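Following: one structure in structure tokens, then a few remarks.
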Amino acid sequence: MKTIYILIILGITTVCRAQSLILPILESASNIVQGAYYKDLDNELGKFVGTWKYTIGTTSFTITLQKKAMFYNTYDNYYEDIIIGEYKYISNGVTIVNTLPNLGTNYDSQYKYNISGLIIKDQYSQPVGNRRIQLGFVDPERDYLNMGIFIKYIAAVGNTPAKIEIEFTGSMSIVPSDTAPTSLRVPEQNYVLLKQ
């Protein structure tokens, strides 16, 4: 009988340890709890998901964003909901860069996507729904450039579709040679993209 009680207690302990601690995604910006799951409890990320397009004449910039739930962060040993994406830039009718086909691949690292990550900005100064997100942005032919984008969501009003505003933000990059390009193939300017 004593053996049965010990087995039951061991079984309950194992089950309790196997469950991840679920925390709001905003808490991932502070102290990381190993093994925890930082979940998008308020669906803060859902509004960014979809295909967005900027067009002026024969120039266009298209971004498709997806939400990946419970993505494992191997570096710090925790799970989190993140945004991943890819893009296509066409200038004067000529495709300059197109990474959209990469969305068909299920990578084990968020850094293999050309748009990825999740930093929620304005989390203390803005209410839920008005916050921006910051993601990494990579040009696959110039991956030495350390770039990011801020994305702000603008809700649909009447017949006007939802929009996102994109602002490029860079940081220090180490250029491999004097002849290497120092800017992305997508012009680093502010864009307003419409939901498709």
Residue satisfying all of: in region 135-160; outside any loop (DSSP other than H, G, I, E, B) and in contact (Cβ under 8 Å) with a residue 40 or more places away in the chain; farthest from Leu194 (Cα to Cα) among these: Met147
Counted residues, region 79-123 - those being in a strand (DSSP E or B) and either polar (S, T, N, Q) or over 16 Å from the mean Cα position of the chain (by Cα) (or both): 10
First in region 176-189 and among the β-branched types (Val, Ile, Thr), second anywhere and assigned to a loop (DSSP other than H, G, I, E, B), Cβ under 6 Å, 6 or more apart: Thr182/Val175
Residue in region 59-72 that is surrounded by fewer than 16 Cβ atoms within 10 Å (Cβ to Cβ) and either more than 28 Å from Ile32 (Cβ to Cβ) or among the charged types (D, E, K, R) (or both) present: yes
Tyr87 being in contact (Cβ under 8 Å) with a residue 60 or more places away in the chain and more than 21 Å from Asn130 (Cα to Cα): yes
Single match in Asp178, Asp143, Asp122 (criterion: out of contact with any Gly (no Cβ under 6 Å at 6 or more places or on another chain) and on the phi > 0 side of the Ramachandran plot): Asp122
Leading residue by the ranking (surrounded by the fewest Cβ atoms within 10 Å (Cβ to Cβ)) among those in region 24-35 that are under 14 Å from Asn77 (Cβ atoms) and under 19 Å from the mean Cα position of the chain (by Cα): Ile32
Matching residues in region 69-78 - criterion: being of a type in the set (Ser, Thr, Tyr) and in a strand (DSSP E or B): Tyr72, Tyr78
Residue list for region 161-196, restricted to those being among the polar types (S, T, N, Q) and outside any strand (DSSP E or B): Ser171, Ser173, Ser177, Thr179, Thr182, Ser183, Gln189, Asn190, Gln196
Breaking point among (1) touching a Ser or Thr at 6+ places or on another chain (Cβ under 7 Å); (2) at pLDDT 95 or above, for Phe137: (1)
Any hit, region 49-59, residues being modelled with pLDDT of 70 or more, assigned to a loop (DSSP other than H, G, I, E, B) and within 22 Å of Ile151 (Cβ to Cβ): yes
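The values are calculated or read from the model by the stated rules, or taken from the named source; none is laboratory data. As the structure is a prediction and not an experimental result, all values here were calculated from the model. When we count neighbours, we look across all protein chains shown, and the Cβ atoms used for this are built from the backbone with ideal geometry, even at glycine.
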